[in-house]
Amino acid sequence: MRIGIPRALYFYSYLPFWHTFWTKLGHKVIVSPLTNKGILDHGVKEASTDLCVPVKVLHGHIAYLAAKDKVDAIFLPRMVNVGTKATFCPKFLGLPEMVSSAFCQLPPLIVPRGDLGNPWRLFDLCHKLQRQWAPEGSVWLAYRAARSAQNRFQREIEQGRLPMDCLHNYTEDVPNHDRRAIIPSGGALRVAVLGYPYAVYDSFLNGNSLKKLHKMGVSVYTADMVPLGEQKRYRRHKDLFWHYSNVVLQAGQVLLDSTLKIDGVINISNFACGPDAMVGKLLEFECKKRAKPMITLTLDEQTGEGGINTRIEAFVDMLARRKDGAHNLSLHGQFSTGFQTVVCRTRPRGDCPTASQQAHS
Amino acid sequence: MFAELGHEVIVPPPPSKHTLDLVTKYAPEFACIPFKILLGTYLEALALGADTIVSTGGIGPCRAGYYGELHRRILEDLGYNIRLFIIEPPLKRPGDFFRTIMSLVSNGFTWLRFPVILQRVWAKLNAIDRVERASHSIRPYEVVKGETSRVYESCLQELDKACSLQEIRDAERDALARLASIEQDRSRRPLKIGLIGEIYVVLEPFANHNVQILLEEMGALADRSIYLAEWSRGNAVVAGEKDVKRAARPFLSELVGGHGVNSIGQTVLYAQQGFDGVIQLAPFACIPEIVAKSILPRVSRELNIPVLTLFLDEQTGEGGIRTRVEAFVDLLIQRRNRREGQVVWSGI
Ligand code: SF4
Ligand code: SF4
């Protein structure tokens with residue numbers, strides 16, 4: 001059987017696991033390509049207008065897989081929990097239903113419920129999937145291989161490589177032979193790029209900002225490079241409810257307090273994302289407390305590389321000047337408070353409230 | 001309630017445009033409108049000299065549960081030195097609930113009075129709810145436009161003055177009688193429209209631009225799925241609402257927080273009860289309602305009930321809402337006429 005996996009949302013974190021798992025069970029896995037204009041446009045067309053961009057992008061990837069008889073089934077687990085008490089964003093919880101309401105014709109969806117409080121649950125889930133979809137396969141072998149693939153992936157990321165550079169074993173991407181990590185040693189500027197994996201690593205969506213930073217000689221740190229164990233130290237009295245949001249916040253604080261001497265924070269958020277409104281504000285407070293400049297880039301479906309690049313350049317310039325000893329510089333002019341929120345979009349917000357009518361008579 | 005606990009209570013003015021102007025500066029752009037209105041209300045109360053704020057915290061998985069925390073940090077950041085008490089619903093964490101109340105209780109107050117006060121607050125809430133319901137069932141039939149609203153306003157003032165249980169009961173009886181005596185045209189056949197969505201914007205007329213009254217003055221019978229007392233009962237004290245969740249199951253089996261599942265379930269129930277249409281009210285960028293909205297087309301298709309979704313934020317104008325609602329009502333009337341194969345007088 002050919003199983004399709006959309007390269008969107010949580011697959012930026014868990015693709016190695018599920019790819020290996022299905023392959024070991026003898027299925028052919030087809031991963032949708034990196035997000036491109038066609039996929040994005042498709043997603044925008046199919047998805048409900050008020051959704052956040054990443055979920056629209058997911059719709060685009062689903063549309064890609066569903067077209068032209070590419071796959072026999074699409075794998076889209078309902079991710080609920082991965083053992084951190086927090087659940088995923090409600091949009092993840094309602095994902096299968098949203099997707100199936102949006103399309104009239106889809107290959108069958110495989111939608112197990114990923115309530116993975118402990119490793120046993122994960123094994124259990126795998127077992128169920130194996131019984132249903134590959135009765136002759138061996139769940140144990142597949143599970144073990146999948147785990148080790150995932151661990152390897154995690155390690156590579158913690159060493160400072162970017163997920164998109166480690167995924168070519170699982171996808172049809174052109175392998176990147178440049179094995180260098182994105183964190184060069186030396187006295188370069190260090191910037192923490194904080195945001196959800198599916199926004200930070202989707203280079204189409206964010207106008208390739210990571211590579212851009214890299215080219216400018218900036219060392220980039222992302223939330224996923226911080227091991228989960230360290231993040232836990234920053235749990236707060238009342239944690240947020242969403243897994244990825246907590247990761248961003250906690251890892252952000254780890255990075256800010258670490259010996260790395262982070263120079264500034266780029267917060268990548270998404271247009272119309274609910275949790276981000278909270279995360280952004282809290283991050284801002286954390287940065288303020290430590291007197292670190294932060295800039296917020298809000299992505300939407302019309303984000304252009306140009307707009308983002310200018311912002312990033314200006315921000316990095318400011319950091320460089322600040323580092324050169326001209327500390328007081330940051331107290332004047334454009335970055336008067338050291339905080340800046342930039343919404344990179346061209347669509348006017350004026351057309352709210354968005355209303356739509358569905359009537360069938 | 002807190003006045004009776006021995007504090008001077010500053011009741012902030014009802015939310016207004018000014019409230020929102022205050023907030024837009026400090027709140028994150030995509031925070032939901034309830035968050036912004038609450039923050040604005042706090043700021044107004046602080047300007048009036050309040051030093052302690054009591055508010056309710058929700059439980060997840062939605063942003064409302066985190067409001068208090070973030071509000072406090074924003075206010076602190078603005079340099080206010082205040083005590084912000086967040087009351088969690090008593091069933092979930094009884095300990096916390098009573099500790100918060102305890103720390104608020106000033107000297108010279110006897111615990112014995114506590115149940116009495118609760119009872120009174122409760123009775124008033126319920127009375128207001130009933131009077132309000134009555135007004136909604138009468139308004140679509142009123143002969144003189146706007147009369148119901150006028151009578152209702154003055155009834156509310158009476159109710160507000162009532163203190164003892166007896167007075168509350170009398171005021172309620174009075175109010176109901178006055179409402180019933182409004183001149184009505186019972187030959188109308190109003191459309192039946194259900195209002196669903198996120199609790200705050202459904203309940204707060206300021207946030208939804210009085211959509212319910214707007215509808216009723218157009219001659220439609222609007223049924224609001226949520227009332228204040230009912231909600232406090234359903235969500236804050238006993239966990240209920242099983243039917244709604246069951247109705248939603250075929251379309252959405254996972255709880256998505258907020259009122260997402262309820263919105264779906266109530267649409268299903270309205271469809272089963274033969275309503276002509278449903279209007280979903282949601283704060284802009286509200287996560288659960290967006291999930292619901294993306295699924296509603298399917299419900300609408302399969303159960304043959306039209307749905308209009310209105311997303312509300314501080315930039316929403318009353319005019320915009322009015323045009324959309326009017327268009328929707330027109331569409332429902334046409335639909336009904338077509339179904340009945342004849343042109344009937346529609347009440348607009
Ligand atoms: S966390 Fe934000 S961006 Fe992610 S799915 Fe939820 S609303 Fe969308
Ligand atoms: S349900 Fe909607 S309005 Fe309420 S907290 Fe959640 S996102 Fe905000």
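Evaluating 6.51 cos²θ - 1.76 cosθ + 1.60 at θ = phi - 60° for every residue in region A:20-37, the Karplus couplings come out as 4, 4, 5, 5, 5, 7, x, 9, 9, 9, 10, 9, 5, x, 4, 4, 9, 4 Hz, glycine and proline recorded as x.
The mean count of C-beta atoms from other chains within 10 Å of the C-beta of residues in B:293-306, rounded to a whole number, is 5. Dipole magnitude for region A:189-326: computed about the Cα centre from +1 point charges on Lys and Arg Cβ and -1 point charges on Asp and Glu Cβ, it is near 620 debye.
When a/c reaches 1.5 or more, the comparison of a/b and b/c decides; with that in mind, is region A:13-111 rounded, prolate or oblate per its Cα gyration tensor? The shape class here is oblate.
Partner chain Cβ atoms within 10 Å, averaged over the residues of B:315-323 - can you pull that number for me? Before the final figure, lay out the partial values.
Working: counts 5, 2, 2, 0, 0, 4, 2, 0, 1.
The mean count of partner-chain Cβ atoms within 10 Å per residue comes to 2.
Can you tell me how much longer the chain between A:ASP324 and A:SER138 gets when fully stretched, taken as 0.36 nm per residue apart minus their C-alpha distance, in nm with one decimal?
61.0 nm
Under 5 Å between amide hydrogens, built in the peptide plane, is the criterion, and for A:SER269 it picks out A:LEU297, A:THR298, A:LEU299 among residues at least 5 positions away or on other chains. Relative to the current alpha-carbon distance between A:SER148 and A:HIS168, full extension at 0.36 nm per residue lengthens the span by 5.5 nm.
Here the gap between A:ALA314 and A:GLN302, fully extended at 0.36 nm per residue and compared with their Cα-Cα distance, gives a gain of 2.3 nm. If you plug the beta carbon distance of B:GLN273 and B:ASP185 into 1/(1 + (r/R0)^6) with R0 = 35 Å, you get a FRET efficiency near 0.90. Shown here for region A:67-109: trypsin sites (Lys or Arg not before Pro) in loop regions (DSSP other than H, G, I, E, B) with at most 13 other Cβ atoms within 10 Å, namely A:LYS85. Packing-based ranking of B:129-138, B:32-41 yields B:32-41, B:129-138, ordered from highest to lowest mean Cβ neighbour count within 10 Å.
Protection proxy ranking of A:251-258, B:319-326, by the mean of other Cβ atoms within 10 Å over each peptide's residues and highest first, is A:251-258, B:319-326.
In order along region B:313-323, the Karplus-derived 3J(HN,Hα) couplings, from 6.51 cos²θ - 1.76 cosθ + 1.60 at θ = phi - 60°, round to 8, 5, 9, 5, x, 4, x, x, 4, 4, 4 Hz, and Gly and Pro are given as x. If you plug the beta carbon distance of B:VAL144 and A:ARG121 into 1/(1 + (r/R0)^6) with R0 = 60 Å, you get a FRET efficiency near 0.40. Each residue, A:SER258 and B:ASP243, gets one label point 7 Å from its Cα in the Cβ direction; the gap between the two is 5.5 nm.
For the residues A:ARG144, B:ARG120, what sequence is obtained by ranking on other C-beta atoms within 10 Å, fewest first?
Working: A:ARG144 15, B:ARG120 18.
In order of increasing Cβ crowding within 10 Å: A:ARG144, B:ARG120.
Rounded to whole numbers, the Karplus 3J(HN,Hα) couplings from phi for region B:265-282 are x, 5, 4, 4, 5, 4, 4, 5, 8, x, 5, 7, x, 9, 10, 9, 10, 8 Hz, using 6.51 cos²θ - 1.76 cosθ + 1.60 with θ = phi - 60°, and x at Gly and Pro.
Calculate the dipole size of region A:246-317 relative to its Cα centre from +1 charges on Lys and Arg beta carbons and -1 charges on Asp and Glu beta carbons; express the result in debye to the nearest 20.
Dipole of region A:246-317, to the nearest 20 debye: 400 debye.
For each pair in A:LYS37/A:LYS68; A:LYS37/A:LYS70; A:LYS56/B:LYS36; A:LYS232/A:LYS289; A:LYS85/A:LYS261; A:LYS211/A:LYS261, compute the distance between the two Cα atoms and list the pairs where it is over 23 Å.
Pairs exceeding the cut-off: A:LYS56/B:LYS36; A:LYS85/A:LYS261.
Summing Lys and Arg as +1 and Asp and Glu as -1 over all other residues whose Cβ lies under 13 Å from the Cβ of A:PRO112 gives a net charge of +2.
Proximity of backbone amide H atoms, modeled 1.01 Å from N, is registered between A:VAL31 and A:ILE5 at under 5 Å, excluding neighbours fewer than 5 places apart on the same chain. For the peptide A:272-284, the mean number of other protein chain Cβ atoms found within 10 angstrom of a residue's Cβ is 6.
Electrostatic tally near A:LYS288: other residues with Cβ closer than 13 Å to its Cβ, Lys and Arg +1, Asp and Glu -1, net +1.
Here, each number is a calculation from the coordinates, and none is a lab measurement. For clarity, every value in this text was computed on a predicted model and none was experimentally measured. Please note: Cβ atoms are built from the backbone with ideal geometry, for glycine as well, and neighbour counts cover all protein chains shown.
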